[in-house]
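The values are calculated or read from the model by the stated rules, or taken from the named source; none is laboratory data. Remember, predicted model here, so these are calculated numbers, not experimental data. With ideal geometry, Cβ positions are generated from the backbone for all residues, glycine too; neighbour counts draw on all protein chains shown.
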């Protein structure tokens, strides 16, 4: 492919870390290097971090508090499940049989085996629901960090392209403008070149600020100082490669933590129905009893508690409704996953097709047209305007290429997130 950076009057682009000056930046209202003050303040006195996507995901796994929060929630759920399935606390009853006698009873409520089994199963499902929730939160954090990294790669490339555009605009001004005071230029071609330089400077300043924002967002996701400069390692087309995209839907449906949570919620509701039915049986209490008075007498006390049937029927009805709700939301979630996977796969197909057409057509022709227009520019007049138009077309094609690569990278990240393989990214 013909690249603008290969032209003799333009230095090759370099990896962008906001710390280097650009051509034509010494002007009123700007510092000597030409960079915005915020960008310079960011890079002063702070070491630059060199991060790849794998580095970012490793840092998130090791340092983000969402992992500690998830582990604590699972421990709490297990403790509550153990407490719920344990034996109830015994009670002491004191009654006065006569004026000179008192009766003391230590009663231990006894559970039927099927009630204890249902309680344990409810606890198991509670723990599974909590674990699935924690995994869903962790995956969401990983996806956010990965997307911020992709945004940083894009903004860095956009800044390099804006620097290239400004350098090219300055070269055009140097070749065309002959007036010692450019502001007084009256020739149409000279005015157009000066306008293009002003626009290139504005775009470069905006791109620098956007790259600063991208770095700050990733720093926040990593729990770092937002002003820490980052050197984004890698290229958009190479991050988050897919191994078997045709199996993405099946893998996403099988590994989705939200689907797992809903499945466990439905099972928990089923166990709660069984628990409510088990509690419909009378509860037996038994324990030693002693009568204290003129004589001591020891014995065994038995108690029988009859449950309120109307309350149990309401509990059963509520548990069945919760089970139906969980099953319905499970089906909704599977439809959502199918839509997300299909959209991501279609996005990849579309971007691959557009990139192939762009690189083999408009981008290659725009680069050739720019080279020819520069050769004809010394004839001045309309050739200068043609040079400007060719330059704009070429830079527009380069920007479109960058946008398509970014869209494809985001689609791959989403697919890796849905299939659960993003968390397994290794350095």
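Annotation: residue 203 fulfils all but one of (1) more than 28 Å from residue 167 (Cβ to Cβ); (2) free of Cβ contacts under 8 Å to residues at least 60 places away in the same chain; (3) in contact with a helix residue (DSSP H, G or I) (Cβ under 7 Å, 6 or more places away or on another chain); the unmet one is (1).
When the residues of region 309-319 are filtered to those that are out of contact with any helix residue (DSSP H, G or I) (no Cβ under 7 Å at 6 or more places or on another chain) and modelled with pLDDT of 65 or more, the one that is nearest to residue 286 (Cα to Cα) is 313. With respect to the stated conditions, residue 362 fails to be crowded, with 18+ Cβ neighbours inside 10 Å, closer than 30 Å to residue 176 by Cα and out of contact with any strand residue (DSSP E or B) (no Cβ under 7 Å at 6 or more places or on another chain).
Among the listed residues 209, 191, which satisfies the condition of being part of a helix (DSSP H, G or I), out of contact with any strand residue (DSSP E or B) (no Cβ under 7 Å at 6 or more places or on another chain), at pLDDT below 95 and over 30 Å from residue 329 (Cβ atoms)?
Answer to the check: 191.
A Cβ distance below 7 Å, combined with a sequence gap of six or more or placement on separate chains, defines the contacts here; from region 273-296, residues that are without any contact (Cβ under 8 Å) to a residue 12 or more places away in the chain reach residues that are part of a strand (DSSP E or B) in the pairs 296/290.
Residue 203 fulfils the conditions (1) under 30 Å from residue 144 (Cβ atoms); (2) assigned to a loop (DSSP other than H, G, I, E, B) except for a single criterion, (2).
Whether a residue is in a strand (DSSP E or B) and more than 25 Å from residue 61 (Cα to Cα) was assessed, and residue 159 does not pass this test.
Here is a yes/no grid of residues against (1) crowded, with 18+ Cβ neighbours inside 10 Å; (2) in a helix (DSSP H, G or I):
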| site | (1), (2) |
| --- | --- |
| 102 | no, no |
| 107 | yes, no |
| 114 | no, yes |
| 117 | no, yes |
| 121 | yes, yes |
| 125 | yes, yes |
| 136 | no, yes |
| 142 | yes, yes |
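When each of 345, 370, 340 is tested for being part of a helix (DSSP H, G or I), modelled with pLDDT under 90 and buried (at least 17 other Cβ atoms within 10 Å of the Cβ), the lone residue that passes is 370. Against the criterion of being modelled with pLDDT under 95, assigned to a helix (DSSP H, G or I) and in contact with a helix residue (DSSP H, G or I) (Cβ under 9 Å, 6 or more places away or on another chain), residue 242 does not qualify. Scanning region 269-284 for residues being under 11 Å from residue 109 (Cβ atoms) and buried (at least 19 other Cβ atoms within 10 Å of the Cβ) gives a total of 0.
Among 241, 226, 257, which is the only one that is in contact (Cβ under 8 Å) with a residue 24 or more places away in the chain and either under 30 Å from residue 102 (Cα atoms) or surrounded by fewer than 16 Cβ atoms within 10 Å (Cβ to Cβ) (or both)? Walk me through how you get there before you give the answer.
Working: 226 fails: in contact (Cβ under 8 Å) with a residue 24 or more places away in the chain; 257 fails: either under 30 Å from residue 102 (Cα atoms) or surrounded by fewer than 16 Cβ atoms within 10 Å (Cβ to Cβ) (or both).
Just one listed residue meets the conditions, 241.
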